[in-house]
Amino acid sequence: MKKYTAIKERASRYTSILKQVVEYRNAWEHNLKEFIWKTSEKILKQTGISAKIDTEEKFENLESITISLGKSISGIAENVDDETKRTIIKDKGVLIFSQLFNGKIQAWMTYPLIEGVMQPKPPKMIGIYGPPEFNEDLILHNFDEFFKELIEWENYDDDQPGQNVKRIGFGVSHPDLEEGEG
């Protein structure tokens, strides 16, 4: 019957997606997890960046690979009294590849945080990918985005490139005033 055509197509698509979820989860378990891990190790070795790679496996089919840059002394210390200082610790940021409920992989990151001194910046999602999309270039792209964000965070400055700074003071013309006014 013609009136069931649309719903039959949608049901077929739904069944296809359910099969895809199983395929994506199998891909993670059988090769993708190891591929992301080994490629991450290779990237860290090539860049000379020290990081700890770990797997979060608390929930099956919601696992994550974390690439943590670790913690360090921030260089900031709280003066407790005349003789005592409390060193403030800095979390340097983490790149994460996480399985989603549908078997796709979400790449996201956490920003550096100086504990007790600032509010954490919300994590940033870099992308969501199906396992067939993964190759070394995709992982490199995610690392590149991670490092771009870290550079921006570390090199924070309120002067954005290309931003016109509004000057205030004597001898500075005001663009809103027409010639002859004022």
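Derivation of every value follows stated rules applied to the coordinates shown; laboratory data play no part. Since we're looking at a predicted model, the values are computed, not measured. Ideal geometry is used to build each Cβ from the backbone, glycine not excepted, and the neighbour counts take in all protein chains shown.
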Positive minus negative residues near Ser64 (Lys, Arg vs Asp, Glu; Cβ under 15 Å): -2
0 to 90° range, to nearest 10: angle between helix 5-27 axis and the chain longest Cα axis: 80 degrees
Size of electric dipole in the chain: Cβ of Lys, Arg +1 and of Asp, Glu -1, about Cα centre, debye, nearest 20: 1400 debye
Here, Glu41 and Asn26, labelled 7 Å along Cα→Cβ, have an inter-label distance in nm of 2.7 nm
How far apart, in nanometres, would the label points at Ser72 and Leu140 be if each is projected 7 angstrom from Cα along the Cα-to-Cβ direction? 2.6 nm
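Counting chymotrypsin sites (Phe, Trp or Tyr not before Pro) as exposed when in a DSSP loop with at most 11 other beta carbons within 10 Å, what is the longest stretch of the chain free of them? Working shown, then result.
Numbers: sites that count: Phe59, Phe101, Tyr156, Phe170.
No qualifying site falls inside 1-58, the longest such stretch.
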I want the local charge near Ala77. Using Cβ-Cβ distances under 10 Å, sum +1 for each Lys or Arg and -1 for each Asp or Glu among the other residues. +1
Compute the angle between helix 136-154 and the longest alpha-carbon principal axis of the chain, please, reported from 0 to 90 degrees and rounded to the nearest 10. 20 degrees
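Can you tell me the length gained on complete extension of the stretch Lys3 to Lys58, counting 0.36 nm per residue apart and subtracting the Cα distance?
Details: separation 55, 0.36 × 55 = 19.80 nm, distance 4.59 nm.
Extra length from Lys3 to Lys58 when fully extended: 15.2 nm.
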Nearest-0.05 FRET efficiency for Ser12 and Lys124, computed from C-beta distance (R0 30 Å): 0.25
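So which GluC sites (Glu not before Pro) in region 61-133 end up in coil per DSSP with only 15 or fewer other C-beta atoms within 10 Å? The partial results should precede the final answer.
Working: sites: Glu63, Glu78, Glu83, Glu115, Glu133; in loops: Glu63, Glu83, Glu115.
Counting only loop positions with at most 15 other Cβ atoms within 10 Å, the GluC sites (Glu not before Pro) in region 61-133 are Glu83, Glu115.
For Asp82 and Asp157, what is the calculated FRET efficiency with R₀ set at 41 Å and r taken between the beta-carbons, to the nearest 0.05?
On the way: r = 34 Å, r/R0 = 0.83.
After rounding to 0.05, the efficiency reads 0.75.
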Which of Leu18, Gln119, Ile73 sits farthest toward the positive end of the charge dipole of region 1-125, with +1 on the Cβ of Lys and Arg and -1 on the Cβ of Asp and Glu? Leu18
Under a Gaussian network model of the chain whose springs join Cα atoms within less than 10 Å, the largest fluctuation of Lys90, Lys121, Lys33 belongs to Lys121
